[in-house]
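In what follows, a single structure is set out as structure tokens and then discussed.
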Amino acid sequence: MARSNLLKDTVSGQFDLENILLRLKVILSDLEDRDILGWIEGELRGYSEEDIVPDYRIITGRAMGTYIVNGTAKYSNALVPLHFTAMNEDMIKEMHITKVRDGISIIEKNLKSNNRDRLGRQVPTELCHAISSYELQIVGMDIMFAANDFEAILSNVKDKIVDIVMVLEKNFGTNAIDEMDISEQVVDEPEKRNKAITYIHQVVYNDTSTSVEIGDRNKFRDTKLGRFWSKNK
């Protein structure tokens, strides 16, 4: 079976993911499924503080900063030993975690910048002082992340797009995908719409409670909806 231009462009990597997602959004709008379009919007525009962030967008960094030990030795741009602060283990773990809410275009832009290896989140000065002790006085601190953490986000999104486009091709044909219009088939053959929605939910939300096959190789069975999403703390 011939492949759609959308699938070829996604796999080639010659187009940014924002472009791919916008084209996919036009096609998926014909399915009129709020949850699927909500995922597309989250990836394009970013996730608000009220939104639940997908698991693949939750990353763990390292605490780097300037601090003074026992009132004498000063360290700069060094790994901060947070176990010497007033925080317990749960608080330390929480400190290192960040939910990446930026839209996909911002992530791509940051990874193309000269600062790609210096991406981080500044810890407020008042918090640094609040958790300090005599043994460890924190002057300033950032939670720093590896570029690979953000590249993994892009990789997850790209993988999901590939799976979604493949099921759209199977159900509606490559010509319809190239034309970015599946509306007639959605109306005339509602079973195709339902089948596509079921599978796309499995891809996006990791909901595999219903078995769906794509060709002879891919079968999803017997897991619960909800593993994909983490709770918004």
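Given +1 on the Cβ of Lys and Arg, -1 on the Cβ of Asp and Glu, and no further charges, what dipole in debye does the chain carry about its Cα centre, rounded to the nearest 20?
On the way: 30 positive and 38 negative charges, 158 e Å.
With only Lys, Arg, Asp and Glu charged at Cβ, the dipole is about 760 debye.
Say each of D90 and E189 gets a label point 7 Å from the Cα, pointing the same way as Cα to Cβ; how far apart are those two points in nm?
5.3
Relative to the longest principal axis of the chain, what angle (0 to 90°, nearest 10) does the C-alpha long axis of helix 34-45 take?
Its long axis makes an angle of about 50 degrees.
What nm value, rounded to one decimal, do you get for the distance between E50 and M1 when each label is placed 7 Å out toward the C-beta?
For E50 paired with M1, the spin-label model returns 3.9 nm.
Scan the chain and report its longest stretch carrying no GluC sites (Glu not before Pro) that are both in a DSSP loop and have at most 15 other Cβ atoms within 10 Å.
Looking at the chain, 136-233 is the longest stretch - no exposed GluC sites (Glu not before Pro) with at most 15 other Cβ atoms within 10 Å.
Could I have the simple spin-label model distance between N156 and N175, label points 7 Å from Cα toward Cβ, reported in nm to one decimal?
Placing both labels 7 Å beyond Cα along the Cβ direction yields 3.9 nm.
Report the chymotrypsin sites (Phe, Trp or Tyr not before Pro) located in segment 117-192 that are in a DSSP loop and have at most 10 other Cβ atoms inside 10 Å of their Cβ, or state none.
In loop regions of segment 117-192 (DSSP not H, G, I, E or B), the sparsely surrounded chymotrypsin sites (Phe, Trp or Tyr not before Pro) are Y134.
As I understand it, the value is the acute angle between the Cα axis of helix 147-172 and the longest principal axis of the Cα atoms of the chain; what does it come to in degrees, rounded to 10?
The two axes meet at around 10 degrees.
Over the alpha carbons of the chain, what is the largest minus smallest coordinate on each principal axis, giving the biggest first in Å?
76, 38, 30
Specify the angular offset, from 0 to 90 degrees and rounded to the nearest 10, of the alpha carbon long axis of helix 190-205 from the longest principal axis of the alpha carbons in the chain.
20
Bear in mind that the values in this text are calculations on the coordinates, not laboratory data. Predicted model only: the values in this text are computed from it and were never measured. Neighbour counts are summed over all protein chains in view; Cβ atoms, including those assigned to glycine, are modelled from backbone coordinates with ideal geometry.
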